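Asker: Handing you a structure now.
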Amino acid sequence: MSHASTTAAALAPPVAQRPGARLSLVAVGGVAVGLFAMARLTGMTVLALAAWAGGRHPLTLLGRSWDAAWYLGIAAHGYGRTLYFGPGVVHSDLAFFPLYPGLVRILTAVTPLSGAGAGLLVSWTAAAVAAGGIYAVGARLHGRAVGTVLVLLWGLLPHSVVLSMAYTEPVLTAFAAWSLYAVLAGNWVWAGALAALAGLSRPNGFAVAVAVLVAAACELRRARGRVTHRLWTGAALAPLGWTAYVLWVGRRSGNRLGGYFDVQRLWGSRFDFGRGSLAFVRTLLLRGDRFVFPMALMIVAAAVVLFALLALDRAPLPLLAYTAALLLIALGGSGFFESKPRFLLPAFPLLLPLARALARTARARPWHATVVVTALAGLSFGYGTYLVVYAHTPL
């Protein structure tokens, strides 16, 4: 047996090795995805009622708000749109990665769906696939109950309304979750291929490649270089998607290595090791601002605490590397502080400590767990409706 297979066998729950148990795992995974779908459908119903009360169409809000309009433009017309807002403020659609608009374009070509309808279908399908992957990771590490709770918590995050919108976070999370599962299972080629697709979906999709490369490096060191070609193939594939798009933008702009980062800088987004974020927090604490910004600050602070708990819980290294990369990108980047909770939506491993605690509570005190889930649902549905229908703040 190879080193990778030995590692995978050690991580897998023994029950998963029996065919009957695998069918049971699939069934429970379906229940987890069903609970996720129910949570999101309920949230969308609350949002729809609020939108209709205000004379607005909920599907328009979900399918054409903020960045969704940029993605739909790329899907319909390709790249080339640039908006000029003043000296040093230029918004180019080259800031948006190509996989999602490419999927939307394919759907509109083969179905009668509009761009917004196709975008929502892609996002909703990806969210369901992501929920299945999140369950698979949680169940593999800590059992089916934790996997189910993990999916439910992800669907009830304050910013989980984005998972129902024509945005790219569901697509990234779907590829990320299944790539991480493949790493844990020792399926290096699948892990690398899925990481490459994740890198084509969003700028922070590179975090998936980081996880695969870190895991591959550790396996290479542990096995003293005696690894299969599959590990080398997976490691080579992982960063290809992200790197290819960044280099393509660079070639198109005339600055092969720095062109993409110039585009992001003109959007007001650059990596400055957190100086911009700290300046924003200082301003927020001294002057106060709209409700969205304090809420974003609390969510980001909670994410940092949850990462510390995840590390203390000795989570597998690929999960730590992935979440650390997402946190570093979110906290170290300047601009769009109100969007940082959205950037952290794919960081589902942060919820593992909470999922384990809530699963234990559900077994010992079901009523207490019900109260917690109900409170989280109220926060998620109410805040999500506020963000999309009432708050005029970019998501």
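The values are calculated or read from the model by the stated rules, or taken from the named source; none is laboratory data. Being a predicted model, the structure only gives us computed values, none of them experimental. We place every Cβ from the backbone using ideal geometry, glycine too, and count neighbours over all the protein chains shown.
Asker: Which one is modelled with the highest pLDDT, of the residues in region 84-125 that are assigned to a strand (DSSP E or B) and either under 22 Å from the mean Cα position of the chain (by Cα) or more than 22 Å from residue 247 (Cα to Cα) (or both)? So that I can check it myself, show each step before the final result.
Answerer: Going through region 84-125, the residues assigned to a strand (DSSP E or B) turn out to be 84-86, 89-92.
Restricting the remaining residues to those that are either under 22 Å from the mean Cα position of the chain (by Cα) or more than 22 Å from residue 247 (Cα to Cα) (or both) gives 84-86, 89.
Values: 84: 85, 85: 78, 86: 71, 89: 78.
Restricting to residues being assigned to a strand (DSSP E or B) and either under 22 Å from the mean Cα position of the chain (by Cα) or more than 22 Å from residue 247 (Cα to Cα) (or both), the top hit is 84.
Asker: Oh, and also: Right, residue 361: surrounded by fewer than 21 Cβ atoms within 10 Å (Cβ to Cβ), of a type in the set (Ser, Thr, Tyr) and assigned to a helix (DSSP H, G or I) or not? If you could, list the steps in order and put the result at the bottom.
Answerer: Details: surrounded by fewer than 21 Cβ atoms within 10 Å (Cβ to Cβ): yes; of a type in the set (Ser, Thr, Tyr): yes; assigned to a helix (DSSP H, G or I): yes.
When the stated conditions are applied, residue 361 passes them.
Asker: If you don't mind, another one. Any residue that is assigned to a helix (DSSP H, G or I), among the small types (Gly, Ala, Ser) and over 24 Å from residue 275 (Cβ atoms) - is there at least one of those in region 345-358? Steps first, please.
Answerer: Start the filter on region 345-358 by keeping residues that are assigned to a helix (DSSP H, G or I), which leaves 348-358.
Applying the additional criterion that residues be among the small types (Gly, Ala, Ser) yields 355, 357.
With over 24 Å from residue 275 (Cβ atoms) added as a condition, the list becomes 355, 357.
Yes, region 345-358 has at least one match.
Asker: Let me ask another. Look through region 232-285, keep the residues that are under 21 Å from the mean Cα position of the chain (by Cα) and of a type in the set (Ser, Thr, Tyr), and return whichever of them is nearest to residue 297 (Cα to Cα).
Answerer: 277
Asker: Now a separate question. Among the residues of region 374-395, are any within 20 Å of residue 280 (Cβ to Cβ), in a loop (DSSP other than H, G, I, E, B) and either modelled with pLDDT of 95 or more or β-branched (Val, Ile, Thr) (or both)?
Answerer: yes
Asker: Output the residue which, of all residues in region 364-395 that are polar (S, T, N, Q) and surrounded by fewer than 21 Cβ atoms within 10 Å (Cβ to Cβ), is nearest to residue 268 (Cα to Cα).
Answerer: Going residue by residue through region 364-395, those that are polar (S, T, N, Q) are 370, 374, 380, 385, 393.
Add one more test, that the residue is surrounded by fewer than 21 Cβ atoms within 10 Å (Cβ to Cβ), and what stays is 370, 374, 393.
Values: 370: 42, 374: 38, 393: 16 Å.
The qualifying residue nearest to residue 268 (Cα to Cα) is 393.
Asker: Considering region 64-83 alone, what residues qualify as being surrounded by 12 or more Cβ atoms within 10 Å (Cβ to Cβ) and part of a loop (DSSP other than H, G, I, E, B)?
Answerer: Across region 64-83, the qualifying residues are 65, 66, 78, 79, 81.
Asker: Right, next: Looking at 172, 197, 163, 184 in this structure, which one is surrounded by fewer than 24 Cβ atoms within 10 Å (Cβ to Cβ) and under 22 Å from residue 96 (Cα atoms)?
Answerer: Details: 172 fails: surrounded by fewer than 24 Cβ atoms within 10 Å (Cβ to Cβ); 163 fails: surrounded by fewer than 24 Cβ atoms within 10 Å (Cβ to Cβ); 184 fails: under 22 Å from residue 96 (Cα atoms).
Every option except 197 fails the conditions.
Asker: Contact list please: Cβ distance under 8 Å, first residue in region 46-65 and farther than 19 Å from residue 115 by Cα, second residue among the polar types (S, T, N, Q) and modelled with pLDDT of 95 or more, pairs at least six apart or on different chains.
Answerer: 46/385; 47/164; 47/385; 50/385
Asker: Shifting gears a bit: In region 288-341, what residues are of a type outside the set (A, V, I, L, M, F, W, C), crowded, with 18+ Cβ neighbours inside 10 Å and farther than 26 Å from residue 181 by Cα? Break it down stepwise before answering.
Answerer: First, pick out the residues of region 288-341 that are of a type outside the set (A, V, I, L, M, F, W, C): 288-290, 294, 313-314, 316, 318, 322-323, 332-335, 338-341.
Restricting the remaining residues to those that are crowded, with 18+ Cβ neighbours inside 10 Å gives 316, 318, 322-323, 333-334, 338-341.
Within region 288-341, 333, 334, 338, 339 meet the criteria.
Asker: Please go through region 45-79 and pick out each residue that is at pLDDT below 95, of a type in the set (Ser, Thr, Tyr) and over 23 Å from residue 201 (Cα atoms).
Answerer: Those that are at pLDDT below 95, of a type in the set (Ser, Thr, Tyr) and over 23 Å from residue 201 (Cα atoms): none in region 45-79.
Asker: If you don't mind, another one. Six or more apart or on different chains, Cβ under 7 Å: which pairs go from a residue in region 207-229 that's surrounded by fewer than 16 Cβ atoms within 10 Å (Cβ to Cβ) and part of a helix (DSSP H, G or I) to one that's of a type outside the set (Asp, Glu) and at pLDDT 90 or above? Could you list them?
Answerer: If the second residue must be of a type outside the set (Asp, Glu) and at pLDDT 90 or above, the pairs left are 218/317.
Asker: Let me ask something else about it. So, of the residues in region 165-187 that are touching a Ser or Thr at 6+ places or on another chain (Cβ under 7 Å) and either charged (D, E, K, R) or outside any loop (DSSP other than H, G, I, E, B) (or both), which turns out to be nearest to residue 219 (Cα to Cα)? Spell out how you get there, then give the answer.
Answerer: First, pick out the residues of region 165-187 that are touching a Ser or Thr at 6+ places or on another chain (Cβ under 7 Å): 165-168, 170-172, 175, 186.
From what's left, either charged (D, E, K, R) or outside any loop (DSSP other than H, G, I, E, B) (or both): 170-172, 175.
Values: 170: 29, 171: 28, 172: 25, 175: 22 Å.
Filtering region 165-187 for residues that are touching a Ser or Thr at 6+ places or on another chain (Cβ under 7 Å) and either charged (D, E, K, R) or outside any loop (DSSP other than H, G, I, E, B) (or both), the one nearest to residue 219 (Cα to Cα) comes out as 175.
Asker: Out of 158, 203, which single residue is under 17 Å from residue 96 (Cα atoms) and of a type outside the set (Lys, Arg)?
Answerer: On the way: 158 fails: under 17 Å from residue 96 (Cα atoms).
Of 158, 203, the one residue that is under 17 Å from residue 96 (Cα atoms) and of a type outside the set (Lys, Arg) is 203.
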